[in-house]
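Colleague: This is the structure I want to talk about, given as structure tokens.
Each reported figure results from applying straightforward, stated rules to the coordinates on display, with no laboratory input. Worth saying up front: this structure is predicted, and the values here are computed from it rather than measured. Using ideal geometry, Cβ is built from the backbone for each residue, glycine included, and neighbour counts are taken over all protein chains shown.
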Amino acid sequence: MSLDTPLILRLQAGDLDALGALYDRYRLTVYRTALAVTRDPDVAEDILQEVFLRMNTYAASIRADAPLAPWLYRVTINLTYTWFARHKFLAPLDEFLERLIGPVRHRPENAVEHRDGREAVQQAIDALPFNQRIVVILHYLNDLSLQEIAEVQNCPIGTIKSRLYYARETLRQQLEAKSLTLEVLYEFSN
């Protein structure tokens, strides 16, 4: 039995207050994931709303005995994939990273170095194929395990490991070309 089971059962019985409680519990997770992919706050907000509309519409098909987060991630990723396929462009990551990690917490003399590192990460992530980008976002920004990502993506864990491996290699090559390391990526995800 999952922590969300009572709320899911209430939602399945038509209780919209349960939907509101689930929205309050998961809205930041869904929004953050959508924003990480789309890099557009307005689009992320639209996807957030669509995820919870679908939750209400398909409540009867949601397993009450299973954790809800993988279902939410799956729907969010599917909606962002649809958006990405339609738009074929991405907004700059700079504003997203600033919102995600907050203002620079380093001494002023490190601000330029921090900005350069953020720009390098932006360019490296922008160059990743969509499936690798999703794995990086779910793993580093949302702190999901590889098993959890496999469940969200509905594919074998080996596929997720492979996508993460190739994403790391691509990121490593691009960052090393700029005299940076993958620790820059870890810094931004914490």
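Colleague: Of ASP4, ASP143, how do they rank once you tally other Cβ atoms within 10 Å and put the fewest first? Can you show the working numbers first?
Modeller: On the way: ASP4 23, ASP143 10.
Arranged by neighbour count, lowest to highest, ASP4, ASP143 become ASP143, ASP4.
Colleague: Counting other C-beta atoms within 10 Å, which of PHE130, PHE84 has the fewest, and how do the rest follow? Spell out each step's value before the answer.
Modeller: Values: PHE130 13, PHE84 18.
Ascending Cβ contact count within 10 Å gives the list PHE130, PHE84.
Colleague: Which whole-Hz ³J(HN,Hα) couplings does the range 147-161 yield from phi under the Karplus relation 6.51 cos²θ - 1.76 cosθ + 1.60, θ = phi - 60°, glycine and proline marked x?
Modeller: Karplus-based 3J(HN,Hα) across the range 147-161 equals 4, 5, 5, 4, 5, 5, 7, 6, 8, x, 4, x, 5, 5, 4 Hz.
Colleague: Just to be sure I understand the model, the point goes 7 Å from the Cα along the line to the Cβ. What's the resulting PHE130 to THR159 distance in nm?
Modeller: About 1.4 nm separates the two model spin labels.
Colleague: If you take the charge dipole of the range 5-87 about its Cα centre, with +1 on Lys and Arg Cβ and -1 on Asp and Glu Cβ, which of ALA69, LEU16, LEU28 is farthest toward its positive end?
Modeller: ALA69
Colleague: Among TYR165, TYR31, which comes first, then next, by fewest other beta-carbon atoms within 10 Å? Walk me through the intermediate numbers first.
Modeller: On the way: TYR165 12, TYR31 18.
In order of increasing Cβ crowding within 10 Å: TYR165, TYR31.
Colleague: Taking R0 as 45 Å, what FRET efficiency do you get between ARG86 and SER2 from their Cβ-Cβ distance, rounded to the nearest 0.05?
Modeller: Details: r = 33 Å, r/R0 = 0.74.
After rounding to 0.05, the efficiency reads 0.85.
Colleague: What whole number of Å gives the distance from the Cα centroid of the range 126-140 to the Cα centroid of the range 1-76?
Modeller: 22 Å
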